[in-house]
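**Student:** Quick one: this structure, given as structure tokens, is what I'll be asking you about.
The values are calculated or read from the model by the stated rules, or taken from the named source; none is laboratory data. For clarity, every value in this text was computed on a predicted model and none was experimentally measured. Positions of Cβ are backbone-derived with ideal geometry, glycine not excepted, and every protein chain shown enters the neighbour counts.
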Amino acid sequence: MPELPEVETTRRGLAPHLEGRRIESVVIRNRALRWPIRRGLAEILSGQCIGVLSRRAKYLLIHCERGTLIVHLGMSGSLRIVTGETPIQKHDHFDLQVEGGAVMRLTDPRRFGAVLWSTDEPAQHKLLANLGPEPLSDQFDGETLYRATRGRKAAIKIAIMDAGIVVGVGNIYANEALFHARISPRVAAGKLSRERCARLARAIKDTLSAAISAGGSSLRDFVRADGSQGHFQHQTWVYNRAGEPCRICGARIRGLRQGQRASCYCPTCQR
DNA sequence: CGCCAGGCCTGCACGC
DNA sequence: TGCGTGCAGGCCTGGC
């Protein structure tokens, strides 16, 4: 599932193929994504020149001359660069072809993703306007995490997955970061000390950065239309390992559900 | 066959 | 009454 590192890796993989190119054609095969792709989008995009590709939280922003294409990969989405001859597969919903022949193809079996068009400043878009700080930016650190969690009774795992506190921390990395910070996912967010907030903010940054670095090494495969390179399937410390031994102390990793999501932690290493 | 996974928006219920 | 907060539902398909 695409988390922030996957979206960032995707952005970096797409950028050299799209930035500065003119859009030649757009094909929409299935507009029924999380929100329907608006009618007429193909006509709107055709002929526009693409500027830079950026990212906000897990939203990929493709800046164009007259607006911004906002793409979210949901749970099962992926974007690849292919050619016009690459066979269409079952869940290939959206193609954007630029001059020179490169095609950005959106594949999304579960259709939780989205392709939206915004003519305003994208930061003002309804979906982006109320987002918290980027985890890898200076706007997010131990102090901001400490302040944002004061008075919050919710578990810290829930809090770091709250986009109002920090964006882009999905279930896998929330579990992994808490393990690295040696903090139990069940601790009330408002009870974390400054020191523990600093450790957690640092762990979130390190975990996401490491995943992006790992993704970078598979960029070559990404561009090669193979696409299925899942660097994020790398071995985890706790995620999806309930019942298995902790890689540090050997204790059994525990599993529980928080906010209808699976949490995993080491009862010895994490307090 | 039924259930589950997951991101994340939306709407509802609650307490101050 | 209004706000912040917490919680559950819904969207989907593939895989077990």
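**Student:** Specify which of the listed residues (A:Gly100, A:Gly74) is surrounded by 15 or more Cβ atoms within 10 Å (Cβ to Cβ), on the phi > 0 side of the Ramachandran plot and in contact with a strand residue (DSSP E or B) (Cβ under 9 Å, 6 or more places away or on another chain).
**Tutor:** Checking each option against the conditions leaves just A:Gly74.
**Student:** Given the conditions (1) under 19 Å from the mean Cα position of the chain (by Cα); (2) outside any helix (DSSP H, G or I); (3) crowded, with 18+ Cβ neighbours inside 10 Å; (4) of a type in the set (D, E, K, R), which single one is not true for A:Asp95?
**Tutor:** Result: A:Asp95 fails condition (1) only.
**Student:** So, in segment A:172-182, of the ones that are touching an Asp or Glu at 6+ places or on another chain (Cβ under 8 Å) and surrounded by fewer than 22 Cβ atoms within 10 Å (Cβ to Cβ), which residue ends up nearest to A:Ala203 (Cα to Cα)?
**Tutor:** Across segment A:172-182, the extreme among qualifying residues is A:His180.
**Student:** I'd like the residue in segment A:173-192 that is within 16 Å of DNA strand C (Cβ to nearest atom) and not in a loop (DSSP other than H, G, I, E, B) and, out of all such residues, is nearest to A:Leu131 (Cα to Cα).
**Tutor:** Among residues in segment A:173-192 that are within 16 Å of DNA strand C (Cβ to nearest atom) and not in a loop (DSSP other than H, G, I, E, B), the one nearest to A:Leu131 (Cα to Cα) is A:Ala174.
**Student:** Collect the residues in segment A:28-68 that are in a strand (DSSP E or B) and out of contact with any Leu (no Cβ under 8 Å at 6 or more places or on another chain), keeping them in residue-number order.
**Tutor:** Within segment A:28-68, A:Cys49, A:Gly51, A:Val52, A:Gly67 qualify.
**Student:** So, in segment A:39-54, of the ones that are surrounded by fewer than 17 Cβ atoms within 10 Å (Cβ to Cβ) and touching a helix residue (DSSP H, G or I) at 6+ places or on another chain (Cβ under 8 Å), which residue ends up nearest to A:Val115 (Cα to Cα)?
**Tutor:** Going through the qualifying residues, I end up with A:Ser54.
**Student:** Would you pick out the residues in segment A:183-198 that are buried (at least 20 other Cβ atoms within 10 Å of the Cβ) and without any contact (Cβ under 8 Å) to a residue 60 or more places away in the chain?
**Tutor:** Residues satisfying the conditions are A:Ala189, A:Leu192, A:Cys197.
**Student:** Continuing with this model, one more query. Filter segment A:106-164 down to residues that are within 10 Å of DNA strand C (Cβ to nearest atom) and closer than 20 Å to A:Leu60 by Cβ and give me whichever is surrounded by the most Cβ atoms within 10 Å (Cβ to Cβ).
**Tutor:** A:Asp108
**Student:** Search segment A:72-91 for residues that are in contact (Cβ under 8 Å) with a residue 24 or more places away in the chain and pair each with any residue that is away from DNA strand C (no atom under 12 Å from the Cβ) and of a type in the set (Ser, Thr, Tyr) when their beta-carbon atoms are under 6 Å apart and the residues are at least 6 apart or on different chains.
**Tutor:** Hits for this filter: A:His72/A:Tyr59; A:Leu79/A:Thr10.
**Student:** So, in segment A:1-55, how many residues would count as being within 16 Å of DNA strand C (Cβ to nearest atom) and in contact with a Phe, Trp or Tyr (Cβ under 9 Å, 6 or more places away or on another chain)?
**Tutor:** Adding up the residues that qualify gives 10.
**Student:** Restrict the check to segment A:99-109 and report whether at least one residue is in contact with a Leu (Cβ under 9 Å, 6 or more places away or on another chain), away from DNA strand B (no atom under 12 Å from the Cβ) and free of Cβ contacts under 8 Å to residues at least 24 places away in the same chain.
**Tutor:** Yes.
**Student:** Next question. Does A:Thr149 satisfy being assigned by TED's automatic domain parsing to the domain that holds A:Glu43 and more than 23 Å from A:Arg247 (Cβ to Cβ)?
**Tutor:** no
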